[in-house]
Amino acid sequence: MQSLFELYKIGRGPSSSHTMGPERAARDFLMRYPDACGYRVVLFGSLARTGKGHLTDKALLCALPAEKTEIVFDRSDRVLAHPNTLTFTAYGRDGEMLGTQTYLSVGGGSIRREGEAPHKADEIYPFPDFSSIRAYCEREGITLGDVPFRFENDLFRKHLGDIWRTMQETAERGLSQEGRLPGALKIERKAPTLYRAYLADRSDDKRLICSYAYATAEENASGGIVVTAPTCGASGVLPAVLLYLRDKYGISEDKILHALAAAGMVGNVVKTNASVSGAEAGCQAEIGTATSMAAAAVCSIMGQSLETTEYAAEIALEHQLGLTCDPVGGYVQIPCIERNAVAALRALDSADLADVLSGTRKISFDLIVRTMYETGRDLDARYRETGEGGLASGYKIC
């Protein structure tokens with residue numbers, strides 16, 4: 001498994017696979033051909049079909065010189081190595097081709113050059129799945145949140161601190177912003193309304209949780225700075241749960257960081273053995289994984305056992321199986337923003353249910369991860385972030 005530095009990233013929304021990944025690919029290609037007189041980028045698959053709404057072209061031009069770059073949205077049907085595929089070509093002064101490279105944006109802002117396997121050097125954890133992580137914890141007498149601190153480098157705690165600080169700052173900005181989100185849907189920001197409703201009746205914790213989820217997801221939809229947890233589109237789930245628990249119980253930062261570490265190990269299992277890409281496996285891969293991560297974080301903060309933690313993560317993902325990725329108009333707004341809030345509530349419910357029923361689990365987390373991936377691969381392409389099925393095809397923008 002790779003470092004959690006590759007799971008938790010700080011970047012600009014609205015989509016880790018459609019903005020952060022392509023921008024990283026562009027910077028990598030630019031580094032290889034810095035003196036080219038022209039660049040051409042061809043987007044395929046989901047990047048081509050929903051790239052406009054996801055601001056993929058703008059992300060590319062954050063890295064490449066706009067006056068020298070041509071971006072092509074190739075919506076033709078073809079067999080691709082990954083649904084998020086893009087090809088860069090560099091040209092010389094006389095139009096001769098200097099070089100070309102195809103990249104895969106595999107989810108969570110991570111990229112891979114076509115034909116290359118993940119770098120083994122980046123795989124710092126010797127665990128193939130959750131069961132092996134759990135066995136290690138039981139053998140060593142440590143918690144799930146302790147594991148990363150044994151394998152990551154000396155900057156890991158600082159990185160988690162930066163991640164937690166960014167999560168808080170993003171939510172605070174989202175709670176203070178009024179007006180409409182960018183794009184043709186003309187959606188009004190709802191986070192401030194939800195937060196005011198909570199302040200009017202502080203007995204309703206759900207309003208507080210949802211206000212945090214909306215605040216982060218709306219910042220993401222507007223192209224603001226968020227944390228991939230595990231993706232931009234699902235970035236509101238984990239912060240909403242952590243912020244709520246901080247407010248309700250006065251949780252220390254050390255506990256929060258260990259909860260982030262525990263959640264990261266759950267997300268890493270999914271990323272290693274399945275996918276966190278909506279274009280590859282539907283929204284179950286994004287929101288489903290985020291819900292499992294948040295459920296594990298709750299268990300970490302509450303001092304629950306490994307059995308209860310696995311049960312909570314399994315419940316959280318099991319009941320999102322088949323969840324489609326069908327962004328209306330290609331924007332990460334409908335149903336994405338609302339989905340973050342519902343998932344945050346589900347994470348807390350999953351942890352509570354696992355606490356009460358701990359010891360009765362029949363399905364392992366590893367099995368539900370494999371099942372999610374199989375389900376995602378069987379989903380029709382219209383329901384995997386192409387904007388061609390589900391709500392995306394049913395709702396017409398006036």
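With the requirement that a residue be open to solvent by less than 50 Å² (accessible area, probe 1.4 Å) and either touching a His at 6+ places or on another chain (Cβ under 8 Å) or not hydrophobic (A, V, I, L, M, F, W, C) (or both), what does the range 19-35 give you? 19, 21, 22, 23, 28 - these are the residues of the range 19-35 that are open to solvent by less than 50 Å² (accessible area, probe 1.4 Å) and either touching a His at 6+ places or on another chain (Cβ under 8 Å) or not hydrophobic (A, V, I, L, M, F, W, C) (or both). Residues in the range 11-58 that are aliphatic (A, V, I, L, M) and either part of a helix (DSSP H, G or I) or at negative phi (or both): 20, 25, 26, 30, 31, 36, 41, 42, 43, 47, 48. Among the residues of the range 104-126, those that are open to solvent by less than 20 Å² (accessible area, probe 1.4 Å) and not polar (S, T, N, Q) comprise 104, 107, 108, 109, 125. Are any of the residues in the range 341-350 out of contact with any Lys or Arg (no Cβ under 7 Å at 6 or more places or on another chain), over 25 Å from residue 211 (Cα atoms) and either assigned to a helix (DSSP H, G or I) or polar (S, T, N, Q) (or both)? No, the range 341-350 contains no residue that is out of contact with any Lys or Arg (no Cβ under 7 Å at 6 or more places or on another chain), over 25 Å from residue 211 (Cα atoms) and either assigned to a helix (DSSP H, G or I) or polar (S, T, N, Q) (or both).
For the range 99-151, a residue qualifies if it is polar (S, T, N, Q) and more than 30 Å from residue 48 (Cα to Cα), and the qualifying residues are 131, 132, 143. Within the range 113-126, the set of residues being assigned to a strand (DSSP E or B) and either touching a Phe, Trp or Tyr at 6+ places or on another chain (Cβ under 7 Å) or more than 30 Å from residue 310 (Cα to Cα) (or both) comprises 113 only. Only residues that are touching a Lys or Arg at 6+ places or on another chain (Cβ under 6 Å) and over 24 Å from residue 237 (Cα atoms) were counted across the range 351-398, and they come to 2.
Restricting the range 77-103 to residues that are touching a residue at least 12 places away in the same chain (Cβ under 8 Å) and not in a strand (DSSP E or B), the residue that is most open to solvent (accessible area, probe 1.4 Å) is 93. Across the range 199-219, the qualifying residues are those that are among the hydroxyl-bearing types (Ser, Thr, Tyr) and in a helix (DSSP H, G or I), and the one among them that is nearest to residue 336 (Cα to Cα) is 214. Regarding residue 196, is this residue open to solvent by 80 Å² or more (accessible area, probe 1.4 Å), over 20 Å from residue 264 (Cα atoms) and assigned to a helix (DSSP H, G or I)? In short, yes. Being modelled with pLDDT of 95 or more and loosely packed, with under 14 Cβ neighbours inside 10 Å holds for only one residue in 176, 211, and it is 176. Residues in the range 242-285 that are closer than 30 Å to residue 377 by Cα and among the β-branched types (Val, Ile, Thr) were compared, and the one that is surrounded by the fewest Cβ atoms within 10 Å (Cβ to Cβ) is 272. Close contacts from the range 334-353, counting a first residue that is over 16 Å from residue 220 (Cα atoms) and a second that is outside any helix (DSSP H, G or I) and open to solvent by 30 Å² or more (accessible area, probe 1.4 Å), with Cβ to Cβ under 9 Å and a gap of 6+ residues or different chains, come to 346/319; 350/319; 351/302; 351/304. Considered as a group, the residues in the range 127-154 that are among the acidic types (Asp, Glu), in a helix (DSSP H, G or I) and touching a residue at least 60 places away in the same chain (Cβ under 8 Å) include one that is least open to solvent (accessible area, probe 1.4 Å), and that residue is 146. Restricting attention to the range 309-321, and to residues there that are over 17 Å from the mean Cα position of the chain (by Cα) and surrounded by fewer than 24 Cβ atoms within 10 Å (Cβ to Cβ), which single residue is farthest from residue 365 (Cα to Cα)? Taking the candidates together, the pick is 319.
Out of 49, 32, 40, 12, one residue alone is touching a Ser or Thr at 6+ places or on another chain (Cβ under 7 Å), more than 26 Å from residue 283 (Cβ to Cβ) and charged (D, E, K, R). It is 40. Answer with yes or no whether residue 3 is modelled with pLDDT under 95 and surrounded by 19 or more Cβ atoms within 10 Å (Cβ to Cβ). So residue 3 does not fit the description; no.
Residues that are in contact (Cβ under 8 Å) with a residue 24 or more places away in the chain and either basic (Lys, Arg) or in contact with a strand residue (DSSP E or B) (Cβ under 6 Å, 6 or more places away or on another chain) (or both) within the range 155-166 comprise 157, 163, 166, listed in sequence order.
The set of residues from the range 322-338 being open to solvent by less than 20 Å² (accessible area, probe 1.4 Å), hydrophobic (A, V, I, L, M, F, W, C) and assigned to a loop (DSSP other than H, G, I, E, B) comprises just one member, 332. Could you check how many residues of the range 220-238 are surrounded by 24 or more Cβ atoms within 10 Å (Cβ to Cβ) and either in a loop (DSSP other than H, G, I, E, B) or modelled with pLDDT under 95 (or both)? Matching residues across the range 220-238 total 9.
If you check residue 32 against the conditions, is it touching a Gly at 6+ places or on another chain (Cβ under 9 Å) and not aliphatic (A, V, I, L, M)? Considered against the rule, which asks whether it is touching a Gly at 6+ places or on another chain (Cβ under 9 Å) and not aliphatic (A, V, I, L, M), residue 32 comes out as yes.
The values are calculated or read from the model by the stated rules, or taken from the named source; none is laboratory data. Note that the structure is a prediction, hence the values are computed from the model and not measured. A quick note on method: Cβ atoms are made from the backbone with ideal geometry, for glycine too, and the neighbour counts reach across all protein chains shown. Only protein heavy atoms, including side chains, enter the accessible area calculation; ligands, DNA and RNA are left aside. Shrake-Rupley method; radii C 1.70, N 1.55, O 1.52, S 1.80 Å.
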